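Report on the structure given below.
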Amino acid sequence: MINLIIADDHNMFLEGLISLLRNIPDVTVIAKAVNGKELINLLDKNKADIVLLDISMPEMDGIEVTKIIKKKYPELKIIILTTHSNSHIIAKLNRLGVNGYLLKNAEKDELLYAIRKVNSGESYLSKEVAEIQKDFKSTLKKNLSSTTELSNREKEILILIAKQLTAAEIAEKTFISLNTVNTHKRNLLSKLNVKNTAGLVKYAIELGLLD
């Protein structure tokens, strides 16, 4: 028997999913949660094999929950079931070690296939998510080739900019002058062919430099 806990803040979807899985002989829903904190509390009291986890939830979102689960319950498997198809979110959750990722438009048979496959120790990405990830990796590869032109100091400055430090804070942290920080920033804008700080932040996120 595969024991599931489902976490989703949309009650109608949550109850519909429970009803969908009710008569599956090898799957049982042992608990449900409507937010991240409630889910973490449930995990202390229930022995689950898999968590079906939404991303956008109040109090604690799916990303923060994933971090806690992977640290506190490393054997527990996570399948993301969400409307989010953003490549950055998918990449981040994959790096955090989720075992499956499906969109909420998935058919019942695909969901059951994913549950059984993940329970057997494999991973599962829906076809749509796999295509998004493939495109993201292609973009990432191009961006990585661009960053080979960056010096170690420029990469350091790029990370600090992406972490929303001001030029003055970066200067203090790296023990260089404010003018030097601004020079590095101008060089980054030129080398990475972006127009502003927002472009630099996006670049750093695509490279996974903020994890």
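The values are calculated or read from the model by the stated rules, or taken from the named source; none is laboratory data. The shown structure was predicted, so the numbers you read here are calculated from the model rather than taken from an experiment. Cβ coordinates were reconstructed from backbone atoms using ideal geometry, including for glycine residues, and neighbour counts include every protein chain displayed. These area figures cover heavy atoms from the full protein model, side chains too; ligands, DNA and RNA do not enter into them. Shrake-Rupley method; radii C 1.70, N 1.55, O 1.52, S 1.80 Å.
Observations, loosely collected:
- Residue of 197, 166, 82 that the Gaussian network model of the chain assigns the largest fluctuation, springs spanning Cα pairs under 10 Å: 166
- Residue 183 contributes an accessible area of around 60 Å² to the protein surface, as traced by a 1.4 Å probe with all chains present.
- Alpha-carbon centroids, segment 108-126 and segment 42-84: separation in whole Å: 16 Å
- Radius of gyration and Dmax over the Cα atoms of the chain, both given in Å: 20.7, 67
- Cut-off 11 Å between beta-carbons: net charge of the residues surrounding residue 196, Lys and Arg +1, Asp and Glu -1: +3
- Only Lys, Arg (+1) and Asp, Glu (-1) charged, at Cβ; the chain dipole about Cα centre in debye: 700 debye
- On the chain, 50 percent of the accessible area sits on carbon and sulfur atoms, based on a 1.4 Å probe.
- Which of 94, 76, 5, positive extreme of dipole for segment 1-135 (C-beta unit charges): 76
- In the context of the full set of protein chains, the chain has a per residue accessible area of 54 Å² (1.4 Å probe).
- Radius 13 Å from Cβ of residue 79, net charge of other residues (Lys, Arg +1; Asp, Glu -1): -1
- Volume of the Cα convex hull of segment 24-115, divided per residue and given in Å³: 97 Å³
- Cut-off under 5 Å, modelled amide H: who pairs with residue 78 long-range: 51, 99, 100
- Rounded to 0.05, the FRET efficiency of the residue 198 and residue 45 pair, given R0 = 41 Å and the Cβ-Cβ distance, is 0.40.
- Other residues within the sphere of radius under 12 Å centred on the Cβ of residue 122, judged by their own Cβ, net out at +3 (K and R +1, D and E -1).
- In order along segment 180-187, phi translates into HN-Hα couplings of 5, 4, 5, 5, 4, 5, 4, 5 Hz, rounded to whole numbers, per the Karplus curve 6.51 cos²θ - 1.76 cosθ + 1.60 with θ = phi - 60° and x for Gly and Pro.
- In the chain, the longest principal axis of the Cα atoms and the axis of helix 197-206 are about 50 degrees apart.
- Whole-Hz couplings from phi, Karplus 6.51/-1.76/1.60, listed for segment 158-175; x for Gly and Pro: 4, 5, 5, 4, 5, 7, 6, 6, 6, 4, 5, 5, 5, 4, 5, 5, 9, 6
- Proximity of backbone amide H atoms, modeled 1.01 Å from N, is registered between residue 2 and 27, 28 at under 5 Å, excluding neighbours fewer than 5 places apart on the same chain.
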